[in-house]
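Engineer: My structure is below; once you've seen it, I'll send some questions.
Values in this text are rule-based calculations from the coordinates and carry no lab data. Quick caveat, the model's predicted, so the values are computed rather than measured. Ideal geometry is used to build each Cβ from the backbone, glycine not excepted, and the neighbour counts take in all protein chains shown.
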Amino acid sequence: MQQDHDRDREEPRISGLDRDELQTEYGPGAGAEGKRSPATLIFGAIVLVVVLAVAYFFTMGGDRSAPAPEPPLVVKPASEPVAIPAQTPDIPTVVAPAATEPEPEVAETAPARPPVTLEASDEPVREELARAGSSDLYSSLVANEDLIRRSTGVIDGMSRGLVLQKILPLPRPAGPFTALELEGQVVVDPASYERYDPYAQAIAGVDTAQLATVFHQFRPLLEQAYAELGYPPADFDNALIRALDQIIATPEISDTIPLKKKEAMYLYVDPALEGLAPLQKQLLRMGPDNIATIKAQAKALRADLLGQ
């Protein structure tokens, strides 16, 4: 039995993903006024609730300042464009119920709180997100700055089946990815799946109903950040549902997964797996148990968002 200890970068090699400019179908640098600020150009802006609860835990950012001692392990993206459903359900707008009785008069009226702006949204967003989870990984993610813009950029990529790295850093999984030779065939080492257990457990501990509440509370800002990427703001909820659908459609494979090596890359022998979206390939690396956990939370969040 021979093990391969090539270093695991945890991401597919996709042309252009390491550039500082986030590309959209409307072209680079597109925006409401045809250009974006430098902060927006550096990755732009999963929907916040998805990044923090379901989506971003398997993109595994991490510090890559130290050089890799061996060639990076990557998963080659499909040669054909990822098919995305043309239409997805709209997330209903939640309207606050009207007051049935007039509020009692008070001697002094407290000054109205100013509306939250995109530039000053981190603290109120963190305050609300703290109600949804408490794990160390979750708290580490919430501590990032410019949460709404970064999250919206990740969701844009995920809605197209991509994994956009380096947007919301997280600690990397412990230990390297490993493959082993079994009966003359190179396969994924099932022990590699255990590296992702803490991420799946953190996702399982998130309150999806509270995340849906956070989405509705900050929806105007999420749509504003989405518009900065060059998209119609009203389409953001559809991008969010597409991202969740990408997760939900990922196959759960309990058998060993055969691989073949090409230079510094591992490819799936099964063309059906090799043809999956890069996002789904990354999920496959987490193992069937962890995938099942993440998919269950994605389904729950989808239902909460759609009011089902």
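Engineer: If packing is taken as the mean number of other Cβ atoms within 10 Å per residue, what is the order of 251-261, 230-240, highest first?
Structural biologist: Numbers: 251-261: 13.9, 230-240: 20.0.
Per-residue mean Cβ counts within 10 Å order the peptides as 230-240, 251-261.
Engineer: Provide the three semi-axes, in whole Å and in decreasing order, of the ellipsoid equivalent to segment 225-283 as defined by the square roots of 5 times the Cα gyration tensor eigenvalues. Before the final figure, lay out each step's value.
Structural biologist: Working: eigenvalues 201, 43, 10 Å².
Semi-axes, largest first: 32, 15, 7 Å.
Engineer: Hey, can you grab everything whose amide H is under 5 Å from the amide H of LEU170? Only 5+ residues off in sequence or another chain; H modelled, so Pro and N-termini drop out.
Structural biologist: Under 5 Å from the amide H of LEU170: GLY61, GLY62.
Engineer: Moving to a separate point now. Hey, rough spin-label estimate for GLN308 and ALA249, points 7 angstrom out along Cα→Cβ, what's it come to in nanometres?
Structural biologist: With each label placed 7 Å out from Cα toward Cβ, I get 1.5 nm.
Engineer: At ASP235 and ASP136, where each label point lies 7 Å from the Cα along Cα→Cβ, what is the point-to-point distance in nanometres?
Structural biologist: 4.1
Engineer: What list of ³J(HN,Hα) values in whole Hz, one per residue of segment 120-135 in order, does the Karplus curve 6.51 cos²θ - 1.76 cosθ + 1.60 (θ = phi - 60°) give from phi, with Gly and Pro shown as x?
Structural biologist: 10, 8, 4, 5, x, 5, 4, 4, 6, 5, 4, 6, 9, x, 9, 5
Engineer: In segment 228-308, with Lys and Arg counted as +1 and Asp and Glu as -1 at Cβ, which of these residues, VAL269, ALA298, GLY287, has the Cα nearest the positive end of the dipole, that is, farthest along it?
Structural biologist: Of the listed residues, the answer is VAL269.
Engineer: For VAL94, enumerate residues with amide H under 5 Å from its amide H, sequence gap 5+ or separate chain, H modeled in the peptide plane.
Structural biologist: Distant-sequence amide H within range of VAL94: zero hits.
Engineer: If amide hydrogens are placed 1.01 Å from N in the peptide plane, which non-local residues have theirs closer than 5 Å to the one on LEU182?
Structural biologist: Placed amide hydrogens put VAL187 under 5 Å from LEU182.
Engineer: Provide, in order from the shortest bin, the percent of all Cα-Cα pairs of segment 149-208 in each 10 Å bin, continuing until the bin that contains the maximum pair distance.
Structural biologist: Here the calculated profile for segment 149-208 is 18, 32, 36, 12, 2.
Engineer: Rg over Rh of segment 161-308, using C-alpha atoms and the Kirkwood radius, what does it come to?
Structural biologist: Values: Rg = 17.5 Å, Rh = 17.2 Å.
Rounded to two decimals, Rg over Rh is 1.01.
Engineer: Then there's this: Using per-residue counts of other Cβ atoms within 10 Å, averaged over each peptide, order 262-269, 125-132, 289-296, 150-157 from highest down.
Structural biologist: In decreasing order of mean packing, 262-269, 125-132, 289-296, 150-157 become 150-157, 289-296, 125-132, 262-269.
Engineer: ³J(HN,Hα) across segment 294-308 via Karplus (A = 6.51, B = -1.76, C = 1.60, θ = phi - 60°), whole Hz, x for Gly/Pro?
Structural biologist: Values, residue by residue: 5, 5, 4, 5, 4, 5, 5, 5, 4, 5, 5, 5, 8, x, 9 Hz.
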